[in-house]
Amino acid sequence: METQRLVADRAIPLLQTLVRNACVNTGADDSGEETRSIEAVRDFLSPYGIESSILYERPDRANLVARIPGRDHFHPTLAYMGHVDVVPADASQWSRDPFGGEVVDGEVWGRGTLDMLGMVATSAAAFTVIAESEPPPGDVLLIVVSDEEAGGTFGARFLTEQHSDLVKCDYMVTEVGGMHLSEGRVPGLTFTVGEKGICWARMKFRGTSGHGSMPYRADNALVKASKAAEALAAYQARPALTPIIREMSEAFMTDRFSRLLARLPATFDLALSRLYRRNPGRAKFLHTAARTSISPNVLETRGKVNIVPGSAALEVDIRLLPGQGVEHAQRMLREAIGDSNEEVEIEFFEFYPSNVSDLETPLKRATERILADILPNTRIVPMFIGGVTDGRYWRQRGTVVYGFAANTPELTMDRFSAMIHGTDERVPVSCLERNFDYLTRLPYELGSEASGQSGELASARVHAE
Ligand SMILES: [Zn+2]
């Protein structure tokens, strides 16, 4: 079959190169060295007559943009976007070399095969096939970036800020999506439409220094901070059951009674704990999607074992829902730790708002049309996720961004979430093949779904719900 041959000849060899390049992003500015993989993608595209622009702030951390011109400029622009950096892997925990790129029993092994080198290689392979075919209705972009795993400073943020005209698009397909939910009434594939906001706070507690040998009635800042940490961990914001969360619950819950309980805010948490007993991974996804979350993660004092600390700092990871800002986080922190702690000082050192794309768009309809053909009886399950991806930089600028891949049922949500950033990460070749089919057809299906609408009308706005 044609797909099998094209994936074997084009996507898999490129994927193996990307894995073996081991662009490990530790968060240090000079880690990653993604330029090696960016050049590999450029060299992969050029025999097909595709020219790439290589753009960078640091020469060792480059990014690539390539464009296939569409038939006319009235049609919307579609982009495939992915990152080539990966998180570290501890080889001693793996059954195979994490940077070997071996193909074993129909799976390609290696760090990044799911997150998200497999998607990059498949998008690039699909891109060459589109370039060889009749011109698509609108422009198609391939955007390959560095530095996603540390927030996108040298990659997506740099591109959207410094080269916004070059990477401007109406629609985008990227990570994280395409996880199979097999236990619902109809099998579903996750389709990420939005992400929570990031808000990182440092809470400073004051006490009175004293001698560690005489703790009687000591004003110990560390004890205050740890009491606050416990209160923050116990705090549960009320669930916000938006239409997306309701659809997620319907698909995630494994029995009818739980589905019923999940419909009401008052019984939602009961449904969650029932789900947790059977499927803790899904419960974690749903818990964070449905509410503002608070996690106290770093506790610091500067001192010595024989001194009662006079100050302590607690760093807290808060993930916000659409429309919530820093003031909301501030109120919530105060409420969680109680009024007695008014001497605590709160500063925020990172903030990025939650962002959500419209769910009813030509891109979603085009995706459903193709799925009906290549993965029959599979429906789309909209997802709102707790983590952040590079997609946020485009969503903030008005692009409709979905995290999706047309994976086969081999890649269940449980397998997927256990392997990304985990051990023995690998991608089934069948997933690469179905996703290749999806990505080669999408520009044409999107064109017919969006025809009659101008690019501007078709591009949906960012909205808070
Ligand atoms: Zn990723």
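The values are calculated or read from the model by the stated rules, or taken from the named source; none is laboratory data. Computed from a predicted structure; not experimentally measured. Don't worry about glycine lacking a Cβ; one is built from the backbone with ideal geometry, like all the others, and counts go over all protein chains shown.
List of remarks:
- Residues being modelled with pLDDT of 95 or more and within 16 Å of the ligand (Cβ to nearest atom) - total across segment 407-440: 6
- For Pro137, the criteria (1) under 18 Å from the mean Cα position of the chain (by Cα); (2) in a loop (DSSP other than H, G, I, E, B) hold in every case but one, which is (1).
- The residues listed here are Gly106, Gly118, Gly151, Gly70; of these, the one that is buried (at least 22 other Cβ atoms within 10 Å of the Cβ) and in the same structural domain as Thr399 (by TED's automatic domain parsing) is Gly118.
Okay, residues lined up against (1) within 16 Å of the ligand (Cβ to nearest atom); (2) without any contact (Cβ under 8 Å) to a residue 24 or more places away in the chain:
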position: Gln4; (1), (2): no, no
position: Gln16; (1), (2): no, no
position: Arg20; (1), (2): no, no
position: Asn63; (1), (2): yes, no
position: Asp72; (1), (2): no, no
position: Met81; (1), (2): yes, no
position: Asp85; (1), (2): yes, no
position: Ala91; (1), (2): no, yes
position: Gly101; (1), (2): no, no
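- Against the list (1) hydrophobic (A, V, I, L, M, F, W, C); (2) outside any strand (DSSP E or B); (3) out of contact with any Cys (no Cβ under 8 Å at 6 or more places or on another chain), the condition Ala329 fails is (3).
- Subset of segment 379-406 [in contact with a helix residue (DSSP H, G or I) (Cβ under 7 Å, 6 or more places away or on another chain), within 25 Å of Leu320 (Cβ to Cβ), more than 16 Å from the ligand (Cβ to nearest atom) and in a loop (DSSP other than H, G, I, E, B)]: Arg397
- Taking the listed residues Thr160, Thr122, the one that is more than 16 Å from the ligand (Cβ to nearest atom), under 29 Å from Ser448 (Cα atoms) and under 21 Å from the mean Cα position of the chain (by Cα) is Thr160, with no other qualifying.
- Residue match in segment 293-306 (condition: in contact (Cβ under 8 Å) with a residue 24 or more places away in the chain, among the β-branched types (Val, Ile, Thr), touching an Asp or Glu at 6+ places or on another chain (Cβ under 9 Å) and in a loop (DSSP other than H, G, I, E, B)): no
- A single member of Ile245, Ile198 is away from the ligand (no atom under 16 Å from the Cβ), within 21 Å of the chain's Cα centre (by Cα) and among the β-branched types (Val, Ile, Thr), and it is Ile245.
- Screening the candidates Ser164, Ser146, Ser133 for the property of being over 26 Å from Thr361 (Cα atoms) and either among the small types (Gly, Ala, Ser) or surrounded by fewer than 17 Cβ atoms within 10 Å (Cβ to Cβ) (or both) yields one hit, Ser146.
- Between Ile12, Ile50, the distinction of being over 18 Å from Ala156 (Cβ atoms), hydrophobic (A, V, I, L, M, F, W, C), touching a residue at least 40 places away in the same chain (Cβ under 8 Å) and not in a helix (DSSP H, G or I) belongs to Ile50 only.
- The residue list Leu363, Leu359, Leu446 contains one member that is away from the ligand (no atom under 16 Å from the Cβ), buried (at least 23 other Cβ atoms within 10 Å of the Cβ), under 20 Å from the mean Cα position of the chain (by Cα) and in the same structural domain as Asp90 (by TED's automatic domain parsing), which is Leu363.
- For segment 287-346, the tally of residues that are aliphatic (A, V, I, L, M), farther than 18 Å from Lys204 by Cα and crowded, with 19+ Cβ neighbours inside 10 Å stands at 4.
- Any pair with Cβ under 6 angstrom, 6 or more apart, that starts in segment 372-393 at a residue that is more than 15 Å from Thr174 (Cβ to Cβ) and ends at one that is of a type in the set (Lys, Arg) and away from the ligand (no atom under 12 Å from the Cβ): Ile374/Arg434; Gly386/Lys196; Gly386/Arg319
- The single condition among (1) under 16 Å from Ile130 (Cα atoms); (2) within 16 Å of the ligand (Cβ to nearest atom); (3) of a type outside the set (Val, Ile, Thr) that Gly27 does not meet is (1).
- Residue count for segment 92-127, restricted to those that are over 18 Å from Ala405 (Cα atoms), touching a helix residue (DSSP H, G or I) at 6+ places or on another chain (Cβ under 6 Å) and assigned to a helix (DSSP H, G or I): 0
- Of all residues in segment 259-282, one or more are without any contact (Cβ under 8 Å) to a residue 12 or more places away in the chain and within 20 Å of the chain's Cα centre (by Cα).
- Asp165 fulfils the conditions (1) over 17 Å from Val401 (Cβ atoms); (2) within 16 Å of the ligand (Cβ to nearest atom) except for a single criterion, (2).
- Of the criteria (1) at pLDDT 95 or above; (2) more than 16 Å from the ligand (Cβ to nearest atom), which one Gly32 fails: (2)
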